[in-house]
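> Here it is, the structure, as structure tokens.
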Amino acid sequence: MAVKVAFMQCSDCWGCHQSLLNAHLGLLPVLPALDIVYWPAVVDFKHDSLKARPDGDILVGFVEGSLRTNEDVENAKLMRAKCQLIISFGSCSCYGNVHGLANQWDIQKVINRKFVETESITNESPHEPKEHMPGFTEKIMPLDEVIKVDAYIAGCPPKPEAIISSVVFLLGQKPQPMNDLAFCNECPLNTEGCLLDKGVMCFGPITSSGCTLKCTSNGDPCVGCFGPSKTVASRAEKLNGMVKNLSTISTGNKKNLFEFLTLFLNVPLMAGFDLAGDVLKQIKKRGAPESPLANLPPTTEDIASSIMAYLRDNRDFTEISNVCDTCPRIIGSKSRMTKVKRDYEGLPNMDDCLIEQGYICMGPVTKAGCGGLCLRVNAPCSGCYGQTEWVADQASRFADVVIKGFNVDVSKEELLSQVKDHLGTFQKFTLASNRSYKGGE
Amino acid sequence: MVKEIVVEPVTRLEGHGGLRIVLGDDGKVKDAQFNITSTRFFEKFCEGRYAEHVPRITPRICGICPIPHHLTPTKAVEDAWGVEIPEPARKLRILLQNAKQYSSHVLHFYALAAPDFLLGPFADPALRNVVHVINKMPDVGAMALKMMDFGQKLCAEIGGKSVHPISAIVGGMKKPMDEDARDKFLKQVGEQIEFTKKTVEIGLKVVEDYWDVVANVAVVPTYYLGMTKNGVHDIYEGDIRIVTPNGEKKDFDIHKYLDVLGEHIPEHSYATHMYYKPAGYPDGIYRANCLAMINAADKMATPLADEALKAFRDKTGPISHHTFAYHWARLIETVEAIEIIATLLKDPDVVNPDCKTLDVEPREGNGVGVTEAPRGLLLYNIWSDAAGICKKLNLLVATNHNIAGIEKTLMHTAKQVFEDKALDGLKLPDPWIK
Ligand code: SF4
Ligand code: SF4
């Protein structure tokens, strides 16, 4: 049966929607599973039709945008009442986004700049429009400042794949198996040198055969990009043993696990998809995989679900990874930061870490999820997926992290004093969700 | 009794708004309002930012046209600091701007506008959307998706991200296109030209079917705001061109915008009302976007598009006030966009690494940048201090240019509908999708 979903937009740019539409053909298989009951950007349902629904009538509600007007606040509350699960969709909703920088000033000053002082205004006594207008909130707020949120999909915008897989995941759907046999059967290391024997987490036993890349022939583990097989290979038990002990997992295996989650399960934990609180119960209620590994030999689903169960209960696990982990550049390169450069200065090379080339890149303190998009076109990360750790002083944390882990020849004080715009550099996307920030420059 | 008709929210709109029409006891239309209920104050919180960071912030003004909101402020800072960019960077930007124009126009035609025409204006609202179009006309749907996909992927390739690009920098572009990627797009561009031609056919058929509506409903004489370069249609650079209601064309240097474009703050909308200053408010209310661009252009920049323009003029005359002709005008621009894309993909400059000048120094100054975004003219005026910090920003945003014009059209159409009962005798075709 199709599941009822609703999309609400608060103050934002429509980009999350565009990103969703960018999934284009990828959307088609998902659509039949959805009964879209409210989506003003695309579908002609009016506001009253949403109001008229019984409370809790809708299963999943996506709320996009930050809260800037009183109407936004009302709409957020309305969605909370009508939906069982609320998803904070995109960095505006999760963190307030760039417009949170307006929280530096008293709202009246902000309003005056636009409606009174603008150079091109020609009214004799210009003022804020009031007729049929909702009025502005004192501050830009992220969604969870006003209502309880069950899950967050960060990103400005979130990647289309992440959106689709979040939907698929929330609806309790599973990836479809491909070929009968598992990859182990055609792995060059099958008879000798199996990676699992060496303690490397390789997902060959549960991944479909038929791939031509064969990562194991280069000594790399299979991370399952070919999707599940119909039957599992006997080594699944060994893999299962490792998966049961995730709390002692090595760093290398963590990386394999993340790739597996993204590529095989299509679970966008790498993409800034966080679950909060009771959402777990809700998913269980709809019969999504439970954790205990009852069957032996384990099925693909057993392995997958035990990983999922672990991750749900250990959210920190997802936060170990930052944008640098997905960046193609070299840290510990031949370059060294000797002074902080502005973005317009020179032109960085494509190989070395941007920080080591002197630029301020937010990669080391930003949650992974985008796959390092900006770095790939030679632009530093500006932090749109949100920070890995929520501390009051982001500037100081950044400086500490960078001085510890990168080729940097400036002191913390020098680094911080050479950056002229701290708020716009270190908290461009997240100022509104920094609870210890009280305004001012 | 006074009756108020409220449409809330206006759907398939990028932004937040409602329509409000007030009817008096006499059945006369007393008021028609287009209420835009949200704004986020970019002009304020860009103050204090590094000027070169402004283009990394402002794309968030609009997720549908983030590319003009990335390129235009970059141009404004370059203007303020007196920076000349290398030719390969300019070509990359034009390619990027046209890739966006292409995908956005296709999205607009198929996802926002076509449901009304293909299903007919009286279809069940629950079905009058692009999803239903895709289900019922899978071939057309698949073609539309492939077109949007091509445009968005090309944006992502050059811009780094299709939504909220990052590759332009004061002084040029951070990186040229990779040759492999260029080859991939070059292979697909022929098919895209065919798709565009098919889309134009569908569009022309719709125009023909609905000619009675196009020619009789919402025909509203206004001024028009566009951009041309030596009179030729251009979406990346040029002069501001105003077209008067009787078709007279006037060009203005972008730095003189304050003499030409006035902004009136209405009581009932956060989006301000723009008008042609010399004509005063509300007489000088203009419309922008594709119809305005088509009215402004002496000719299109590419051959197929120019032919399409001639066909349009043959039907509508030298100036078109037909609101429903926006859809047609948009298709002419789509043709031009794909032709420019095809030409530039063959130009070796788009893979030329000489795409950023090292000669960039902040200086105190006030710079203006203008492009034509898919929804209308976009103007950034940035005041930089000697250290290159943005001190002040004035923004005239594409959609804003249309708000007053939309309201004027709404008033006109409401009178036609409620007072003259103009819809009653109107010939409507059988819907394509029933
Ligand atoms: S700091 Fe930036 S450039 Fe350096 S490795 Fe991290 S993400 Fe890549
Ligand atoms: S690199 Fe940073 S700014 Fe760029 S998309 Fe990724 S998280 Fe966002």
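We did not get these values from a lab; they are worked out from the coordinates using the rules stated. Since the model is a prediction, treat every value here as computed from it, not as a measurement. Please note: Cβ atoms are built from the backbone with ideal geometry, for glycine as well, and neighbour counts cover all protein chains shown.
> Taking the Cβ of B:ILE254 as the centre, find all other residues whose Cβ is under 15 Å away and add up their charges (Lys, Arg: +1; Asp, Glu: -1).
-4
> From the square roots a ≥ b ≥ c of the eigenvalues of the alpha-carbon gyration tensor of chain B, which class results: rounded (a/c under 1.5), prolate (a/b over b/c), or oblate?
Since a/c reaches 1.5 but b/c is at least a/b, the shape of chain B is classed as oblate.
> Once you have the Cα-Cα distance between B:LYS229 and B:VAL417, take 0.36 nm times their residue separation minus that, and quote the gain in nm to one decimal.
Contour length minus the Cα-Cα distance gives 63.7 nm.
> Mind checking which aspartates and glutamates have their C-alpha under 14 Å from A:LYS341, skipping anything on the same chain fewer than 8 residues away?
A:GLU356, A:ASP409, A:GLU414, A:ASP421, B:GLU52, B:GLU361
> Further question on the same structure: If each residue's Cβ is checked for other Cβ atoms within 10 Å, how do B:MET293, A:MET242 rank with the fewest at the top?
A:MET242, B:MET293
> Of the beta bridges DSSP finds with both residues in region B:172-316, what % are antiparallel, to the nearest 5?
Within region B:172-316, antiparallel bridges account for around 85 percent of the total.
> Also, quick follow-up: Using +1 at the Cβ of each Lys and Arg and -1 at the Cβ of each Asp and Glu in region B:39-418, identify which of B:SER167, B:HIS322, B:ALA111 lies farthest towards the dipole's positive end.
Going by the charge dipole, the pick is B:ALA111.
> Another one. Can you tell me, using C-alpha contacts under 8 Å and at least 6 residues apart, the relative contact order of region B:146-298 as a whole percent?
Here the relative contact order equals 18 percent.
> Given H placed on each backbone N at 1.01 Å, which residues far from B:ASN289 in sequence or on other chains put an amide H within less than 5 Å of it?
Placed amide hydrogens put B:GLY376, B:LEU377 under 5 Å from B:ASN289.
> Of all beta bridges DSSP finds with both residues in region A:3-170, what is the antiparallel percent, to the nearest 5?
15
> For the cross-link pairs B:LYS198/B:LYS250; A:LYS230/B:LYS198; A:LYS238/B:LYS153; A:LYS77/B:LYS146; A:LYS46/A:LYS159; A:LYS148/A:LYS238, which exceed 32 Å when the distance is taken from alpha carbon to alpha carbon?
B:LYS198/B:LYS250; A:LYS230/B:LYS198; A:LYS238/B:LYS153; A:LYS77/B:LYS146; A:LYS148/A:LYS238
> Ok, one more. Among the listed pairs B:LYS161/B:LYS391; A:LYS198/A:LYS254; A:LYS114/B:LYS392; A:LYS139/A:LYS367; A:LYS214/A:LYS255, which are separated by more than 21 Å between their Cα atoms?
B:LYS161/B:LYS391; A:LYS139/A:LYS367
> Tell me whether region A:321-431 comes out rounded, prolate or oblate; compute the Cα gyration tensor, take square roots of the eigenvalues as a ≥ b ≥ c, and use a/c under 1.5 as the rounded threshold.
rounded
> If you take the beta carbon distance between A:ASP400 and B:GLU194 as r and set R0 to 45 Å, what does 1/(1 + (r/R0)^6) give as a FRET efficiency, to the nearest 0.05?
0.20
> Let me ask something else. Could you tally the net charge around A:PHE136, taking each other residue with its Cβ under 9 Å from the Cβ of A:PHE136, Lys/Arg +1 and Asp/Glu -1?
-1
> Still on this structure, I have one more. Given B:ILE338, B:ALA296, B:ALA156, which one lies farthest toward the positive end of the charge dipole of chain B, if we put +1 on the Cβ of every Lys and Arg and -1 on the Cβ of every Asp and Glu?
Checked the options; the winner is B:ALA156.
> Here's a follow-up. Taking the Cα centre of chain B as origin, sum charge times position over the Cβ atoms of Lys and Arg (+1) and Asp and Glu (-1), and report the length of that vector in debye to the nearest 20.
My answer is approximately 580 debye.
> Another question, then. What value, in deg cm²/dmol to 500, does the helix sum -39500 (n - 2.57) over DSSP H runs of n ≥ 4 give at 222 nm once divided by the residues of chain B?
Calculated from helices alone, the mean residue ellipticity at 222 nm is -12500 deg cm²/dmol.
> Relative contact order of chain B: what whole-number percent is it, with Cα pairs under 8 angstrom and at least 6 residues apart?
Relative contact order here is 25 percent.
> Considering Cα pairs under 8 angstrom that are at least six residues apart, work out the relative contact order of region A:321-431 and quote it in whole percent.
Normalised by residue count, the contact order of region A:321-431 is 31 percent.
> Just to confirm the filter: which GluC sites (Glu not before Pro) across region B:357-409 are DSSP coil and have at most 15 other Cβ within 10 angstrom of their Cβ?
B:GLU364
> Can you list the aspartates and glutamates whose alpha carbon sits under 14 Å from that of A:LYS130, skipping same-chain ones fewer than 8 residues off?
List returned: A:GLU71, B:GLU267.
> A further question follows. B:ASP26 to A:GLU74: FRET efficiency via 1/(1 + (r/R0)^6), r the Cβ-Cβ distance, R0 41 Å, to the nearest 0.05?
Efficiency at R0 = 41 Å is approximately 0.70.
> Using a 10 Å cut-off around each Cβ of peptide A:90-99, what is the average number of partner chain Cβ atoms that fall inside?
Counting other chains' Cβ atoms within 10 Å and averaging over A:90-99 gives 3.
> Could I ask something else about it? Could you put A:SER125, B:SER38, A:SER333 in order, starting from the residue whose Cβ has the fewest other Cβ atoms within 10 Å?
Ranking A:SER125, B:SER38, A:SER333 by Cβ neighbours within 10 Å, fewest first, gives A:SER125, A:SER333, B:SER38.
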